[in-house]
Every structure is written in C-alpha cells, then in structure tokens.
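Okay, so here's the structure we're looking at.
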Amino acid sequence: MIAGGDTYPIHFTNVIADGNLYTLTYKWPGVARRPCTPVGAFSLDDFNAFLEESHYVGAETLQGAKPRRVHHFRAGVVWEPTPEVIPPDIVTPMGGIPETDDSDARLRIPIMMGDFYVDEQDPSTFWQVLHFGMQNLYDPDLDEWIVMERFSKTPGKMTLPDECASLPVPTSPGGP
C-alpha cells in the first residue's frame, strides 16, 4: 500500500515481503525519514484472518466526487491479561471493582481498531479505512483515515531498501 507521495506532507509504503510487514516512511511531519521499519511477522493470510473476524456495521454511501455504495465492517484487537497478570476478581470490563461474583469479568485493553468500507459489488476493493490504535504512533491522535483514489489488484514490484536487509525482523506470537 502506497500512501501520499513526494508532493504530499505524508508519504509512506506498507509492504509484506517474505512473510514480514515493513513500513517505509519517507515523509511524515515532525518525524525523521525512516526508510525501513520492520514491524514483524505478518502475511496476507494473517490480514485476511483478521478481516474474517470483523463485524458487519451496515450498508452506507460514501459521499465524495463520486458517491460509492459500500459495506462497512469493523474489526479490532484487544489484549486480555491472563488471570496470573491481573486476577479477574479485582476488575470488571469497565475497570471498576465488581459488585457481584462475576468470574467472567476481565480487563480488556484495546490495541487497535479498524473500520473498513468495501465496494458493494466487490468486497475485495477497499474504498476507505479508518484505523485507530497503537500502530499509528506517529500520529498525535493515534488515528488515520485512508481514502483510496484508485485501486489495482495486481501485485506491484517492490524492492526493499538495503536498510531492511540489515535490520532484525521482530517476531510476533503466532506468526511464522
């Protein structure tokens, strides 16, 4: 995914190569150029598995130069500390002290959330995305709107910068 360009205040590329996700940040206000940030083990199959867990919000029309009929989906990632980390009897889902003996009460910490707006006729075409969370550390609001102007379903040719080859790729639980 290529976002922005040389003439825009933001220009970065996210690429999956050899089962790993990289972000190449060329321009971001107040952030030094970072031509290679290895995010960790991640594949297209991982992304599709994440989307399979999304919830359907509803049919909508995106207003723009050309109104688009879309289906709106929402997906998120939360971290639930194990009972060894935070015993369930000291917190509730709202973070307070439980008033009853609810053994299912757990602290849930949101890590990221995404709203995906896909073409009504072709759900493999994303027209708009809002994502919020820890993956947007460069943005002071921790959020980012992505609005697609054009869409291509053929893979592009990408050569990772030399900096990527010299950096260790962090591993993530459950990844390859």
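A few remarks follow.
- Residue check: Gly5 meets all listed conditions (1) surrounded by 10 or more Cβ atoms within 10 Å (Cβ to Cβ); (2) touching a strand residue (DSSP E or B) at 6+ places or on another chain (Cβ under 7 Å); (3) within 23 Å of Met112 (Cα to Cα); (4) small (Gly, Ala, Ser) but one, namely (3).
- Single residue of Val77, Val57 found to be in contact with a strand residue (DSSP E or B) (Cβ under 6 Å, 6 or more places away or on another chain) and either open to solvent by less than 60 Å² (accessible area, probe 1.4 Å) or of a type in the set (Phe, Trp, Tyr) (or both): Val77
- Thr25 vs. criteria closer than 16 Å to Glu144 by Cβ, at pLDDT 80 or above, not aliphatic (A, V, I, L, M) and not in a helix (DSSP H, G or I): yes
The values are calculated or read from the model by the stated rules, or taken from the named source; none is laboratory data. Treat the numbers as computed from the prediction; the structure is a model and nothing was measured. All Cβ positions, glycine included, derive from the backbone under ideal geometry; neighbour counts span all protein chains shown. Quick note on the areas: whole protein, heavy atoms, side chains included, nothing else; ligands and nucleic acids left out. Shrake-Rupley method; radii C 1.70, N 1.55, O 1.52, S 1.80 Å.
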